[in-house]
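A.B. asks: Submitted below is the structure of interest, expressed as C-alpha cells.
Read-outs throughout are calculated quantities, based only on the coordinates presented, and are distinct from any laboratory measurement. Keep in mind that what you see is a predicted model, and the values were worked out from it rather than measured. Virtual Cβ from ideal backbone geometry, glycine too; neighbours counted across all protein chains shown.
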C-alpha cells in the first residue's frame, strides 16, 4: 500500500510557547523522515482548511466562536493545559482539514498519516481540553458518515483516553470507537464499562492498561479483543488516533511500547482496512512529546504500511492478560468473543 504524509509548515504557527505540545513537534517528525531512506517512497500531501460547517458536525457553534474570538483577541488559555495563540484558530482549521485530506487521498490509493497539530481527541463538543482545540478525527468520521458510510472504525492508541472522540459517538452505532490507554491517567475516562449509550451501546471498547504495558500487551489486546470485534463489525473505513506517547521514551506517558510494537499495530490496522474497507486507512497524529521517539514511531508505522511487514514482539505480561480478560468479559455482552 502506498503511504503518504499530510503536512503543512503552518502547523508550527499554533504557538504554545514553552508548552510540551510544542510548535515544532510535528515538524520534527517530518525532518526525521526527510533524512530516512523511506522519504523517496512517501508522497507529501498538502492539507486544506476545514470549514466552519465541518467543525459544526462535531462542535457547538458557541465553542467554535469562542476559539476564534480568543485567537482574534491575541490568544489565551482555554483551560490549564490548552492554549490558543493568535494563529491557532486558522491552524486548527488546517489540522481538521488535514484529517479530512485522508479521505481525499483514498481516491489516489494512498494510506495517509496526517501530521497535524493541534491534536484533537480530547476536544469535547462544547469545550477544548488536553492540548486539543477541535476533534480532527471525529470531524473526518462525520464526513464519512455524511458521504454515506455506515460503519467507521476509530482506533485510538494514544496514552491518554480519547474522551472527546468517545463523547462525539457514544450513542452512534455507525462509529466503532476502540481505545487502548493508560489507566489511571488523564483525563480520567475510559473504564471497561464505558460501552456506549442508546443505539450506540456496544460500539465503544475501552482497554485501560496499567502503567508499564508494552508491545506484547498491546498486541494481545489486538489479537484477542480488537481484531475479533472489528472483523464482526466490518468497517468501511479505518481511522487511527495515533498518539506516539505510549513510546517507552515519552516524557508524559509511562508505557513501554517500542518501534516494533508500533509497526505491529499499524500492520494490524492495515489488515483490518484491507479485510472490509477496501484499504481505506488513515492515521491522525495525537500525542507524542519526545520528538525523536515520536519520529521513530511514525517511521515504524509508515514502514509497516508500505512494506506489509513488521518485526516480531514478545507475549503479554500477566497484568496485560488480566486487563484484556476483563475487557473481554464486558464486550462479550455485545460480540462473539
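A.B. asks: Hey, how many Å between the Cα centroid of region 21-100 and the Cα centroid of region 255-322?
C.D. replies: Cα centroid to Cα centroid, the span is 23 Å.
A.B. asks: Here is a follow-up. At 7 Å along Cα-to-Cβ for each site, give me the label-to-label distance between residue 251 and residue 191 in nm.
C.D. replies: Each label point is offset 7 Å from its Cα along the Cβ direction, giving 3.3 nm.
A.B. asks: At 0.36 nm per residue, and after removing the present C-alpha to C-alpha distance, how many nm does the segment from residue 72 to residue 107 gain when stretched out fully?
C.D. replies: Values: separation 35, 0.36 × 35 = 12.60 nm, distance 3.61 nm.
This chain segment gains 9.0 nm when fully extended.
A.B. asks: So if each residue of separation counts as 0.36 nm, and I subtract the Cα-Cα distance between residue 334 and residue 2, what length gain in nm does that give?
C.D. replies: 116.0 nm
A.B. asks: Computed from these coordinates, which is semi-axes √(5λ) of the Cα gyration tensor in Å: (1) 36, 23, 16; (2) 29, 26, 18; (3) 27, 22, 20?
C.D. replies: Matching the structure shown: (3).
A.B. asks: For q values of 0.22 Å⁻¹, compute log₁₀ I(q)/I(0) with the Debye formula on a Cα-only model of region 117-256, without solvent.
C.D. replies: Log10 I(q)/I(0), no solvent term: -1.47.
A.B. asks: Something else now. Could you identify which residue out of 235, 119, 210 has the top mean-square fluctuation in a GNM of the chain using Cα springs shorter than 10 Å?
C.D. replies: For the chain, modelled as a Gaussian network with Cα springs under 10 Å, the answer is 210.
A.B. asks: Turning to a different aspect of this structure: Set the Förster radius R0 to 35 Å, insert the Cβ-Cβ distance between residue 232 and residue 24 as r into 1/(1 + (r/R0)^6), and round the FRET efficiency to 0.05.
C.D. replies: Plugging the Cβ-Cβ distance into 1/(1 + (r/R0)^6) gives 0.25.
A.B. asks: For the chain, modelled as a Gaussian network with Cα springs under 10 Å, which listed residue fluctuates most, 320, 287, 200?
C.D. replies: Residue with maximal mean-square fluctuation among 320, 287, 200: 200.
A.B. asks: Share of antiparallel DSSP beta bridges in the chain, in percent to the nearest 5?
C.D. replies: Once the DSSP bridges in the chain are tallied, antiparallel ones form about 15 percent.
A.B. asks: Considering only DSSP beta bridges with both partners in region 1-114, what is the antiparallel share in %, to the nearest 5?
C.D. replies: 25
A.B. asks: Report the Cα-based extents of region 54-115 along its three principal axes, largest first, to the nearest Å.
C.D. replies: Computed over region 54-115, the largest-to-smallest principal extents equal 41, 21, 19 Å.
A.B. asks: Nearest 0.05, what FRET efficiency do residue 223 and residue 39 give at R0 = 30 Å with Cβ-Cβ as r?
C.D. replies: Result of the calculation: an efficiency of 0.40.
A.B. asks: Over all Cα pairs of region 271-337, how is the pair count split among 5 Å bins, expressed in % and running from 0 up to the last occupied bin?
C.D. replies: Taking all Cα pairs of region 271-337, the binned fractions are 3, 12, 13, 14, 19, 24, 12, 3, 0 percent.
A.B. asks: Based on the alpha-carbon set only, what is the convex hull volume of region 222-318 divided per residue, in Å³?
C.D. replies: Normalising the Cα hull of region 222-318 by residue number yields 96 Å³.
A.B. asks: Run the helix sum for the chain: -39,500 (n - 2.57) per DSSP H stretch of 4+ residues, divided by residue count, reported at 222 nm to the nearest 500 deg cm²/dmol.
C.D. replies: For the chain, the value works out to -11500 deg cm²/dmol.
A.B. asks: Which value, in Å³ per residue, describes the convex hull spanned by the Cα atoms of region 65-154?
C.D. replies: 98
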